[in-house]
Amino acid sequence: MAWQGLAAEFLQVPAVTRTYTAACVLTTAAVQLELLSPFQLYFNPHLVFRKFQVWRLVTNFLFFGPLGFSFFFNMLFVFRYCRMLEEGSFRGRTADFVFMFLFGGVLMTLLGLLGSLFFLGQALTVMLVYVWSRRNPRVRVNFFGLLTFQAPFLPWALMGFSLLLGNSILVDLLGIAVGHIYYFLEDVFPNQPGVLEMTVIPLHSLKMAPDPTGDPCWPQLSVGPSLQEAPVAPS
């Protein structure tokens, strides 16, 4: 009965969070059982593009190391913040959430080439935390009962924690950078004054321009009203 209750609870988790978390756990279990080797999972451009081992583009995001503190620590943050994003700002927008994963994965892979990074799951976790923290800036976070601070400081606290454990912070910085790029393009840039006016032409403003020679069938479009006629918003 306990397993049935646990399974029923897991099925209540949103689809993307459930799928990604399950894939990470199953990948780690397969490595622990020696069904797979980390050497079959890590990102290697030569093997991807010369040997066509394209699965490495995905599997390097699924392996967080052998069972231990680091694995459970990362799974806790993946499950928690991925779920809060999917049930919060991405509620009813599964396609947009999947796109965020794809955007982050592609950009991390390209930037990872510069730093010779082999596993990028932790960077993806930090990206999820960063996006959530920027969209919930007033939430106060209790970091393992030791510190309490505003949500936007959480990614930096994670980076400091990695540094204390003796890990490289390059992966954390990559996740923060990609998370910030996504947040800027998705939440900041579209809300800048004048962006919509520059990028979107309302359909009702399109009209046929007359032919200077007098031909009424002249197929030319002009955009109106002109900039001089457009009202100026008060500052």
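The values are calculated or read from the model by the stated rules, or taken from the named source; none is laboratory data. This one's a predicted model, so the numbers in the text were calculated from it and none came from an experiment. Heads up, the Cβs are rebuilt from the backbone with ideal geometry, glycines too, and the neighbour counts pull from every protein chain shown. Note: areas computed on protein heavy atoms with side chains; ligands, DNA, RNA excluded. Shrake-Rupley method; radii C 1.70, N 1.55, O 1.52, S 1.80 Å.
State whether the residues of the stretch 53-62 include one that is of a type in the set (Ser, Thr, Tyr), in a loop (DSSP other than H, G, I, E, B) and at pLDDT 90 or above.
Taking every residue of the stretch 53-62 in turn, none turns out to be of a type in the set (Ser, Thr, Tyr), in a loop (DSSP other than H, G, I, E, B) and at pLDDT 90 or above.
Can you tell me which residues in the stretch 36-58 are under 19 Å from Gly112 (Cα atoms), in contact with a helix residue (DSSP H, G or I) (Cβ under 7 Å, 6 or more places away or on another chain), surrounded by 12 or more Cβ atoms within 10 Å (Cβ to Cβ) and not aromatic (Phe, Trp, Tyr)?
Those that are under 19 Å from Gly112 (Cα atoms), in contact with a helix residue (DSSP H, G or I) (Cβ under 7 Å, 6 or more places away or on another chain), surrounded by 12 or more Cβ atoms within 10 Å (Cβ to Cβ) and not aromatic (Phe, Trp, Tyr): Pro38, Leu41, Asn44, Pro45, Leu47, Val48, Gln53, Arg56, Leu57.
Would you be able to tell me the number of residues in the stretch 78-104 that are of a type in the set (Phe, Trp, Tyr) and open to solvent by 20 Å² or more (accessible area, probe 1.4 Å)?
Residues in the stretch 78-104 being of a type in the set (Phe, Trp, Tyr) and open to solvent by 20 Å² or more (accessible area, probe 1.4 Å): 4 in total.
Can you pull out the residues in the stretch 10-34 that are assigned to a helix (DSSP H, G or I), of a type outside the set (Gly, Ala, Ser) and free of Cβ contacts under 8 Å to residues at least 60 places away in the same chain?
Phe10, Leu11, Arg18, Thr19, Val25, Leu26, Thr27, Thr28, Val31, Gln32
Condition first: assigned to a helix (DSSP H, G or I) and closer than 12 Å to Leu128 by Cβ. Can you find one or more residues in the stretch 40-52 that meet it?
Within the stretch 40-52, not a single residue is assigned to a helix (DSSP H, G or I) and closer than 12 Å to Leu128 by Cβ.
If you check Val195, Val188, Val171, which single one turns out to be in contact with a Phe, Trp or Tyr (Cβ under 9 Å, 6 or more places away or on another chain) and modelled with pLDDT of 65 or more?
Val171
Checking Arg134 against (1) part of a helix (DSSP H, G or I); (2) surrounded by fewer than 16 Cβ atoms within 10 Å (Cβ to Cβ): exactly one of these is not met. Which one?
(2)
Given the residues Leu85, Leu62, Leu76, Leu110, which is the only one that is among the aliphatic types (A, V, I, L, M) and within 21 Å of Gly160 (Cβ to Cβ)?
The match here is Leu76.
State yes or no: is Phe73 assigned to a helix (DSSP H, G or I) and modelled with pLDDT under 90?
Against the criterion (assigned to a helix (DSSP H, G or I) and modelled with pLDDT under 90), Phe73 qualifies.
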